[in-house]
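First the structure, in the form of structure tokens, and then the observations on it.
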Amino acid sequence: MTGSLNVVVGITGGIAAYKAVGVIRSFVLAGHHVQVVATAGALRFVGRPTLEAISRNPVHTELYEGVAEVRHVAIGQAADLIVIAPATANTIARLATGLADDLLGNTVLASTAPVVIAPAMHTEMWQNPATQANVATLRSRGVTVVGPASGQLTGADSGPGRMEEPETIVQAALALMDGNQEPGDLAGTRIVVTAGGTREPLDPVRFLGNRSSGKQGVALASAAVRRGATVTLIASHLDVPPPDGVTLVHAPSAAELQQAVTDAAGSADIVIMAAAVSDYRPAERQDAKITKQDHGAELTLRLVQNPDILASLAASARPGQVIVGFAAETTPGHDELLRVGRAKLARKGCDYLVVNRVGWNEGFALDTNSIVVLARGGDVAVEASGSKLDVADHILDAVTGRASVPAR
Ligand code: C5P
């Protein structure tokens with residue numbers, strides 16, 4: 001584990017500035033020395049006394065303060081790590097251009113320390129090509145981008161643009177400093193994983209569900225976090241706890257999952273639909289419990305089809321975005337499994353399909369799995385069996401183009 005670090009926490013002028021207090025506090029409680037460099041805008045959102053009390057140091061804002069000690073470069077030169085949270089669209093643009101007309105700009109330019117930014121802004125600003133180009137420039141210079149997460153924004157709107165939770169930012173930054181400062185091979189990659197089985201409500205106490213345990217999806221999220229990716233886990237019903245280090249979104253039903261994954265996909269490089277989404281839901285959701293008294297010996301349920309989330313994600317994917325589906329089939333025989341898988345891949349229009357056999361004693365709830373990853377067009381990208389965690393690494397290798405093609 002990293003020893004005590006000199007951490008510069010840069011705070012810029014967005015509503016999420018109040019959450020920077022949590023970032024500072026986590027670093028201080030972990031034994032690190034924190035210098036806060038706040039822009040003038042940041043101090044309109046969070047008070048200097050709060051930042052000084054939590055960081056246990058004076059807050060720096062002015063370029064023309066401390067000139068005798070050459071503060072505009074001294075803070076950056078002494079830093080082991082710079083974390084800018086929140087990073088507004090404006091600050092990201094200024095960093096990409098290398099502007100140095102405020103203390104934070106000078107600090108970053110004068111430093112050779114790793115820089116981590118946690119963007120926070122409205123979805124439209126985040127998705128604007130100018131912001132995306134600036135973020136790409138910063139990534140190409142080795143800046144680590146944590147988030148943004150997807151969810152409720154400051155106004156009534158929701159979508160990608162929320163600052164990541166302080167603990168996630170601090171963990172990502174410290175992980176970067178661990179292990180000879182080698183970030184994982186997926187650092188900077190934003191992955192959305194759906195996991196678990198959906199539950200389609202019938203009445204206040206009952207649902208239609210399936211046997212998915214969520215283990216393979218959770219293993220994928222966990223492997224992706226270990227390899228440095230920024231991971232959003234959209235969880236339907238899980239039999240296992242979600243891993244640390246993910247942004248967790250609960251989505252019990254197909255409709256909730258569709259909303260959550262559509263929001264999160266906007267800023268994702270890879271979307272992996274490992275959730276077992278119910279193909280049908282009850283046509284009506286009763287407000288009161290369905291009773292024997294009302295229905296007698298026979299009860300007929302009318303079901304309607306759910307939208308195919310995977311197919312619509314694939315149809316609206318951005319250029320370069322990778323969409324991965326799963327197919328759990330009861331088909332007997334390997335060749336038949338591949339034939340069914342290839343047909344499903346073509347139907348869904350996704351980039352990869354992870355195919356596995358399921359049955360009463362296969363696939364579900366076990367800690368092992370046996371899969372084939374088919375690439376668009378139907379070629380086998382990877383075949384793997386073993387623990388769900390090992391299989392997860394093979395799947396991640398395949399969908400990021402890191403797998404060597406298996407001999408057939
Ligand atoms: O068609 P089938 O249910 O076998 O497809 C499985 C894949 O499609 C999985 O990746 C699952 O997450 C996704 N799916 C979906 N929306 C549905 C049903 C399945 O996205 N309504």
Charged-residue dipole, Cβ positions (Lys, Arg, Asp, Glu), the chain about Cα centre, Debye nearest 20: 340 debye
Helix-only mean residue ellipticity at 222 nm, the chain, DSSP H runs n ≥ 4 weighted -39,500 (n - 2.57), per residue, nearest 500. What is it? -10000 deg cm²/dmol
Less than 21 Å apart at the alpha-carbon level, and either on another chain or at least 8 residues along: which lysines does that give for K215? K388
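Students often check this: by mean Cβ neighbours within 10 Å, which of 374-384, 329-339, 74-84, 160-170 ranks highest, and how do the rest follow?
160-170, 74-84, 374-384, 329-339
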Cross-link candidates for K19: which aspartates and glutamates have Cα within less than 20 Å, leaving aside residues fewer than 8 places away along the same chain? E52, D157, E164, E165, E167, D244
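Every number in this text was worked out from the coordinates using simple rules, so none of it is lab data. All values reported here derive from a predicted model rather than from experimental measurement. Virtual Cβ from ideal backbone geometry, glycine too; neighbours counted across all protein chains shown.
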